[in-house]
Structure formats: C-alpha cells, structure tokens
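Peer 1: Here's a structure for you.
Readers should treat all values here as calculations from the given coordinates under stated rules, not as data from a laboratory. All of these numbers come straight from a predicted model, not from anything done at the bench. Backbone-built Cβ (ideal geometry, glycine too); neighbour counts: all protein chains shown.
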Amino acid sequence: MAVVLDARTPLYAAAALPELAPAGSRDDEVERLRAAVARARAQLLRIERQLAARGLTHDAEIFSAHSSILADHKLIDEIVTAIGERNLSADAAVGQVVLEWYQQFVASAHAVVRDKGPDILDIGQRLLRCLERAPEGIVTSDSIVVAAALTPSDVVRFANLGVRALVVETCGLKSHVAILARGCGIPMIAAIDSAVETIPHGERLLVYATTGAVVFHASAEEQEVAKAIRRQIELAERPVAVPLEPVTRDGVRITLLLNISGLSDGRAVARIGADGVGLYRTEFDYLEHDRWPTEDEIFSVYQRVTDTVGPGELNIRLADFGAEKCPAYADIPINRNPSLGIRGMRLLLDREDILGPQARALARLARQRPLTVLLPMVDTADTLTAATEALCRIAGCRDRDELPFRLGAMIEVPSAAYDVDTLLERVDSLAVGLNDLTQYMLAADRDDELMEVYHDALQPAVLRIVARVIRAADAAGKPVTMCGELAGDRKLAHALLALGARRFSVSLAHFPDTVALIRHLSLETLSATAEQLLRKTSGKAVRAFLARQK
Ligand code: PEP
Ligand code: MG
C-alpha cells in the first residue's frame, strides 16, 4: 500500500497516536519534550551561526525566528498542557498543537501571518525528529514508502519496521540511502519523477525494483504475475547448503568480503560464505540512538556483530560522518558543500568526544580478536599521521606498532590515491572506496540521480588511478581491497580483476553476482589484457573492450 509523505504527514501521523496508557507517565513525556526542545534549539543555533558566518544574514534570521518561537514558551506551554489535559505522548501533543497553530496561521487575514504557516510546520517536524519518532505511526510492515527524499536514518527506521519497498523521487544509486536499502534487503526505486504527486496514498502498488517500474491500479492478471515472480525470487533466495567459492576458471581463489552496516547484514556473512567483512560502515549504528552512544554501548554492538560474523576477516571503519550521514542529534558543522567539508577522518580529528569512545571500544575488541581499523576519507599523509597519533594517544600506545589493531586507509580522495606510496609506508592495508573516489575524480555527485551517467568508474581516468593503487600495494606487499557499490558492478569487477584486484568487498545484494562473475572468468586471459584496457581513451571504448572479452 502506498504511503505518500508530504510536509504535514509526520505531524498528522503523530497527532493520531493513541492516548497514553493509564500507566504512561506524563512527566516522562514532558521531560522528553523538554529534551527535544533543547536539541532542536541547539540545531537551530548551529544552522543560524553557519549561515551568518557565510554572510547569509537574512537566511540566518529565519532560523533565529524558529528558535525564538521555541524559546518563547507559548507553543511549548500549549504542548505541555496538551500532554496533561489530553493525556497524550509528547509526539502526539506536538502533532496536534502544531497542526492547530498551522490552521490558525493559514486562516489569518494577514498575509505575513499566513506566510508563517510553513515555518510552524518546519518547527513541528524538527521537534518530532528530535523526539525521534518521525512518520512511524502510519508506516507499517505492509507499507511501500513513497517519498520525495529519504535520509539514511529514515531507511534504518523503515528497515526496523520491515517495510516492503521504497520509491523515491531523488537519490543516486550509489548514495548511502541506496546502499543502506540494499544492505537491509529493501527493494528501492529511485529517481521517479513526481512520485509523491502521482501515486495515490493508500493505493496497492506493485514495485519491480530490478526494472524500476511502479504499477498502480494493477489488474487481477498483473497481480497474479507479480505473485508468481515473488515466489520465484523467494525460491532463488533460499540459502544453498554449500555456498559456491569465488574461484576463477583457472583456479585462482579471490577474497570476497561483505560490506555491512550493522547486525542485520552482518548475519549474512556466514550464510553466504563470505571471507569476512571488508567494510563495516559503523556510522549507521549511530543513527539508531538519540544521543552519542557510550564506549560500553559501542563495544557491546561490536561484540554482537563479531559473534554473528564469526572468525573471518574483520575491517571496521571509524565512523564516517559528514555529507548526509549525520545523526539527528549530531552537532556537526554544516559546510557549504558537505562533500568537500569537515567529514570522515577530518571530523574525527576535530572531535575526540566522538573518536574517543569508538577507538577505545575498538581497542577492547582488538584484544579479543584480530581486526583492522579503517580510516575514512584520508586525504593526505598529514591527516593519516594525525589520525595515527590520536589513536595511539587514546589507546595508550607509544606508536603504531603498539596499537592492538591493524590500520588501514580508505582510498577515496584523489590526493590519497596519488600519494599512495607514502600512505602505504604508514598503514597495514588499503581499501579503495570506489563510490567516493569516482565522485571526486570526476566531480560527479554520487547522491544525485541526474549525475548517474557521469559518475562512471569505467572512465579511463578512474581505472588508471585504481590500477596505480593496486600496483603500489602489491609492490609494498600489503593487501588492497576494492570496496563500494561499484565493486558489485559486473563490468567494473571484470575490469578490476583484469587490473590485478584480488580482494573485493561488496554489498549483500551484489554478492551472488560477483561470485558468478569470478567463476566465469579466467585470470590468465584477463591479466594479459590489462595493458590494452589501460590504453583505452574513453568510457565507451572501455565498455566495448570489456564486452569483447566475454
Ligand atoms: C566508498 O566511498 O566507495 C565507500 C566504500 O565508502 P561509502 O560508500 O561508505 O562512502
Ligand atoms: Mg566513502
């Protein structure tokens, strides 16, 4: 069933929440509300300062006005009264009171007041987000969510609710929203123009994620066909007793690891016979909290993940915050261009309050089992050195050799790829993040569906830099793993194997295809073509060349 989200939806959903159970404590709800108001005001202050610092004083004033409404007590006092008198949860009280205010604003005879309607909705939505209960009320395990845009936290929440599928107007296939949806096994279709306006709320939908089609007003016959396809998929997805090994036709065993975002896809490692975890994107764990988790909380998650993953290889990346990967409670700077701002390792170096608990939890885990800590978005040797020093200080070690874990650098920024020899002297392994590396090499936003055609890792420039990284790592005798959604692309995996890649980390959805591709290819033939491949001068020529190799 379609659930269409618009600006008022979260408020309607909250307003419709049931009354507090008799035992429900109103005092607790008032306390939750006060905490949410404090969080919302901190966010607004941050936005206001950022805009003011850029000289956008008028824009800053909008958020300062939102902040004043929250500080002024009138709105908040009314919400507190609603909690007490109507016996409501904080969420329901916010929903009801904000919608009442909105009605009064839009009914006003004065245009200035009417124009403030969207502001009051924005404030209400922010409060709900800070209460951490966005549109859950109407989204259930039966839902197909249709939305203009989703955040990674939305996907985590919807995955926990067990939604059937996602249909989004925006969002690139290599965005974190898409990655999370794949990891959580939720079929998703992106870049469906005007989906929110076109798809009727409450309609039964058929979603064909592989072909990118959404059908509504389906005939009985179409519904039968869809059911038959579903049955076939379920049969094909049944776990095989002995998973096939990723061995090439000429007998070379490729290391095939899984990208995971937490416990749910971590469970798949043993089931599908992966060699371990090549990339654990830990930042998504933080989206499940409503405040920064403590060292003990982080440690206990890692222990549970380790138990499910088993004894295989384990590469855990330090939280890669920034861009759109940012929990609601995070007081992280908003840069003019988040992709080029304080993110990844740069952010962690600025914020030992975030790095400290995670690094200590990892050091504890590393005393129980071998693991590699991956450093996200390393740009220069200076950042790498600063990161190593910070980790040593936090773990109480004199130098890198004393660290209880191995150290790996993510190669996602062109400067790191160019300076790979220097970086290799200071780490034990490399992980090439092809999504970001391609984005930064080609100046093509990975999150933007309109840039899909430009975000092309089969461009000769990208292949050459990746080949250079592989050669440098081989010469240094250190492992290099190809990570990212692109490593699951058949043509690209084919090209990377030809260029000498022998270690891949892919998402669960791409795993079976990658095994099949590896088993289909012979490295002896492929390796002989590497030089020819690197001489190609266009993406088109690369594709034509790869097509001829099959
Ligand atoms: C990448 O950039 O390719 C990568 C593996 O990291 P993420 O997708 O989490 O940014
Ligand atoms: Mg990345």
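Peer 1: Have a look at the range 18-93 and give its Rg and Dmax from the Cα atoms, expressed in angstrom.
Peer 2: Considering the range 18-93 through its Cα atoms, Rg and Dmax are 15.4, 51 Å.
Peer 1: Roughly how many whole Å is it from the C-alpha centroid of the range 166-205 to that of the range 359-396?
Peer 2: A separation of 36 Å, based on Cα centres.
Peer 1: Still on this structure, please answer the following. Just to be sure I understand the curve: with the Debye formula and one point per C-alpha of the range 396-550, what is log10 I(q)/I(0) at q = 0.11 Å⁻¹?
Peer 2: The Cα Debye sum returns log10 ratios of -0.43.
Peer 1: For the chain, which DSSP H helices look membrane-span-like by this rule: Cα extent along the axis of 27 Å or more and mean Kyte-Doolittle of at least -1.0?
Peer 2: Working: long enough: 26-53 (40 Å, -0.55).
Those that pass (Cα extent of 27 Å or more, hydropathy at least -1.0) are 26-53.
Peer 1: If you average the sequence gap of Cα pairs under 8 Å that are 6 or more apart and divide by the length of the chain, what percent do you get for the contact order? Could the numbers behind the result be given before it?
Peer 2: Numbers: 964 pairs, mean separation 69.7, N = 550.
Relative contact order for the chain comes out at 13 percent.
Peer 1: Determine the principal axes of the Cα atoms in the range 170-225, then give the extent along each, sorted from largest to smallest and rounded to whole angstroms.
Peer 2: Ordered largest first, the range 170-225 gives principal extents of 35, 25, 18 Å.
Peer 1: Full-extension gain between A148 and Q368, please, as 0.36 nm times their residue separation minus the C-alpha to C-alpha distance.
Peer 2: On the way: separation 220, 0.36 × 220 = 79.20 nm, distance 4.46 nm.
Between A148 and Q368, full extension yields 74.7 nm more.
Peer 1: Taking K and R as +1 and D and E as -1, what net charge do the other residues with C-beta under 14 Å from the C-beta of L263 add up to? Can you show the working numbers first?
Peer 2: Values: positive: R267, R271, R281, R304; negative: D265, D285, E288, E297, D307.
Result for the local shell: -1.
Peer 1: How much net charge surrounds A82 when only the other residues with a Cβ under 14 Å from the Cβ of A82 are counted, with Lys and Arg +1 and Asp and Glu -1? Don't skip to the end; give the middle numbers.
Peer 2: On the way: positive: R26, R32, K74, R86; negative: E19, E29, D77, E78, E85, D91, E100.
Its environment carries a net charge of -3.
Peer 1: Label A220 and E100 with points 7 Å out from Cα along Cα→Cβ: what is the distance between them in nm?
Peer 2: For the pair A220/E100, the computed spacing is 4.9 nm.
Peer 1: Moving on to the next point. Sorting F504, F511 on the 10 Å Cβ count, fewest up front, what's the list? Could the numbers behind the result be given before it?
Peer 2: Values: F504 28, F511 24.
Ascending number of Cβ neighbours within 10 Å: F511, F504.
Peer 1: Based only on other Cβ atoms within 10 Å, what is the fewest-to-most ordering of V515, V277? Working shown, then result.
Peer 2: Details: V515 21, V277 26.
Fewest-to-most ranking of V515, V277: V515, V277.
Peer 1: Based on alpha-carbon centroids, what's the gap between the range 516-550 and the range 37-82 in Å, whole number please?
Peer 2: The distance from the Cα centre of the range 516-550 to that of the range 37-82 comes to 56 Å.
Peer 1: Can you compute the label reach from N337? Point 7 Å from Cα along the Cβ direction, backbone N cut-off under 12 Å, restricted to the range 165-188.
Peer 2: Counting backbone N atoms under 12 Å from the label point, the list is empty.
Peer 1: Based only on Cα atoms, what Rg/Rh ratio does the range 313-465 have, Rh being taken as Kirkwood's radius? Before the final figure, lay out each step's value.
Peer 2: Numbers: Rg = 15.8 Å, Rh = 16.2 Å.
So for the range 313-465, dividing Rg by the Kirkwood Rh gives 0.98.
Peer 1: When a/c reaches 1.5 or more, the comparison of a/b and b/c decides; with that in mind, is the range 187-290 rounded, prolate or oblate per its Cα gyration tensor? Walk me through the intermediate numbers first.
Peer 2: Values: a/c = 2.62, a/b = 1.53, b/c = 1.71.
In terms of gyration-tensor shape, oblate.
Peer 1: Separate question: Return the distance in nm (one decimal) between the two label points of a simple spin-label model at A16 and R249, each offset 7 Å from Cα along Cα→Cβ.
Peer 2: 5.7 nm
Peer 1: So, in nm, how far is label A541 from label T525 when the simple model puts each one 7 Å beyond its Cα toward the Cβ?
Peer 2: Placing both labels 7 Å beyond Cα along the Cβ direction yields 2.3 nm.
Peer 1: May I pose another question? At a 10 angstrom cut-off on C-beta neighbours, averaged per residue, how do the peptides 310-317, 428-435, 410-417 rank from highest to lowest?
Peer 2: 428-435, 410-417, 310-317
Peer 1: Inverting the mean 1/r over all pairs of different Cα atoms, compute the Kirkwood radius of the range 1-145 and quote it in Å. Mind showing how you got there, number by number?
Peer 2: Details: mean 1/r = 0.0627 Å⁻¹.
Result for the range 1-145 stands at 15.9 Å.
Peer 1: Would you tally the net charge around A366, using a Cβ to Cβ cut-off of less than 12 Å, leaving A366 out, and scoring K and R as +1, D and E as -1?
Peer 2: That sum, taken over residues with Cβ under 12 Å, equals +4.
Peer 1: Moving on. Please express the Cα-Cα pair-distance distribution P(r) of the chain as a list of whole percents, one per 20 Å bin, running from 0 to the bin with the greatest distance.
Peer 2: Reading upward from the zero bin: 19, 51, 26, 3.
Peer 1: Here's a follow-up. From the square roots a ≥ b ≥ c of the eigenvalues of the alpha-carbon gyration tensor of the range 428-470, which class results: rounded (a/c under 1.5), prolate (a/b over b/c), or oblate? Intermediate values should be presented prior to the final figure.
Peer 2: Numbers: a/c = 3.30, a/b = 1.74, b/c = 1.90.
Oblate.
Peer 1: Is the C-alpha gyration tensor of the range 112-237 telling us rounded, prolate or oblate? Criteria: a/c under 1.5 is rounded; beyond that, a/b larger than b/c is prolate, otherwise oblate. Could you put the intermediate results ahead of the total?
Peer 2: On the way: a/c = 2.17, a/b = 1.69, b/c = 1.28.
In terms of gyration-tensor shape, prolate.
Peer 1: How much of the DSSP bridge set in the chain is antiparallel, in percent, rounded to the nearest 5?
Peer 2: Working: 6 of 42 bridges.
Counting only bridges with both partners in the chain, antiparallel ones make up about 15 percent.
Peer 1: Highest first, please rank the peptides 491-499, 218-226, 265-273, 374-382 by the mean number of other Cβ atoms sitting within 10 Å of their residues. Before the final figure, lay out the partial values.
Peer 2: Working: 491-499: 23.1, 218-226: 11.3, 265-273: 18.7, 374-382: 21.3.
My ranking of the peptides, most packed first, is 491-499, 374-382, 265-273, 218-226.
Peer 1: Would you please give the FRET efficiency between N160 and R548, computed as 1/(1 + (r/R0)^6) with r the Cβ-Cβ distance and R0 = 35 Å, to the nearest 0.05?
Peer 2: On the way: r = 46 Å, r/R0 = 1.31.
Once rounded, the FRET efficiency stands at 0.15.
Peer 1: Cross-link candidates for K325: which lysines have Cα within less than 20 Å, leaving aside residues fewer than 8 places away along the same chain?
Peer 2: K174
Peer 1: Listed highest first by mean packing, meaning other Cβ atoms within 10 Å per residue, what order do 336-343, 419-426, 145-152 come in? Walk me through the numbers on the way to the answer.
Peer 2: Working: 336-343: 14.6, 419-426: 17.0, 145-152: 21.6.
The packing order, highest mean first, is 145-152, 419-426, 336-343.
Peer 1: Would you kindly state how much longer the chain becomes between Q303 and A107 on full extension, computed as 0.36 nm times their sequence separation minus their alpha carbon distance, in nm to one decimal? Please list the in-between numbers first.
Peer 2: Working: separation 196, 0.36 × 196 = 70.56 nm, distance 5.54 nm.
Length gained between Q303 and A107: 65.0 nm.
Peer 1: Just to be sure I follow: if Rg is taken over the C-alpha atoms of the range 277-335 and Rh is the Kirkwood radius over the same atoms, what is Rg/Rh?
Peer 2: On the way: Rg = 12.7 Å, Rh = 12.6 Å.
Taking Rg over the Kirkwood Rh, I get 1.01.
Peer 1: With n ≥ 4 as the cut-off for DSSP H runs, can you work out [θ] at 222 nm for the chain, using -39500 (n - 2.57) per run divided by the number of residues, rounded to the nearest 500?
Peer 2: Numbers: 26 runs with 277 residues, N = 550.
After summing the helix terms and dividing by residue count, I get -15000 deg cm²/dmol.
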